[in-house]
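Novice: Here you go, one structure.
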Amino acid sequence: MKIDIICRNYDASTHLKEITEQKFKKLDKYFDEETAAKISFKKEASTLTIEAMLDYAGRLVRATASGDNFYDLIDVVLPKLEGQIRKHRTRFDKHQKNSAYKDDAIFFAGEPMKKADVVKEKKFTLKPMTVEEAIEEIELLGHSFYVFLEAKSNTVQVLYKRNDGDLGLIEPQI
């Protein structure tokens, strides 16, 4: 597994980086060498946040945790990642029959996941607007996301509400 450690507003010690790599290397038995892991250490005010994303064969598994100590947060994030792996194991095996897991899976399949059906279709015309106008629209509508055509770049973008109350913007790249 390839591990990439990113620090934002925080200077991680070499000891923290070594511990992180050591603990995340335990996940090697589930994935192949081409699996990429991004671990972000963020410090915002007095809150420390760790975000871990695993990317293999175009699939993403993500977990975050916030607290006072990065060493403890690593131990919180790893079980979350394993839970995501367990949750999506059946789907991964069905769609990715390219041996993403090296060994036999040690997780037990729980209840079979219900297949989601499309129950509603909606069509609307996209009018060009700025990001600021899209922010006004999402606040007026009270939705958790808003799809719009960005006026300057003429690309479809998605504005969404994040868990922390802020907004995020998805800009597709081709």
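The values are calculated or read from the model by the stated rules, or taken from the named source; none is laboratory data. Predicted model, so just to flag it, every value in this text is computed and none were measured. A quick note on method: Cβ atoms are made from the backbone with ideal geometry, for glycine too, and the neighbour counts reach across all protein chains shown.
Novice: For the range 74-85, does any single residue satisfy the condition of being under 15 Å from the mean Cα position of the chain (by Cα), modelled with pLDDT of 65 or more and under 15 Å from residue 4 (Cα atoms)?
Specialist: no
Novice: Does any residue in the range 139-156 that is closer than 11 Å to residue 129 by Cβ come within less than 6 Å, Cβ to Cβ, of a residue that is among the small types (Gly, Ala, Ser) six or more places away or on a different chain, and which pairs are these?
Specialist: 146/134; 148/134
Novice: When you scan the range 128-174, how many residues do you find that are assigned to a helix (DSSP H, G or I) and either among the polar types (S, T, N, Q) or surrounded by fewer than 12 Cβ atoms within 10 Å (Cβ to Cβ) (or both)? Spell out how you get there, then give the answer.
Specialist: Of the range 128-174, the ones assigned to a helix (DSSP H, G or I) are 131-141.
If we keep only those that are either among the polar types (S, T, N, Q) or surrounded by fewer than 12 Cβ atoms within 10 Å (Cβ to Cβ) (or both) as well, we get 132, 140-141.
Here the count works out to 3.
Novice: Moving to a separate point now. Looking at the range 32-50 only, could you name the residues that are farther than 14 Å from residue 67 by Cα and in contact with a Leu (Cβ under 7 Å, 6 or more places away or on another chain)?
Specialist: 35, 37, listed by residue number.
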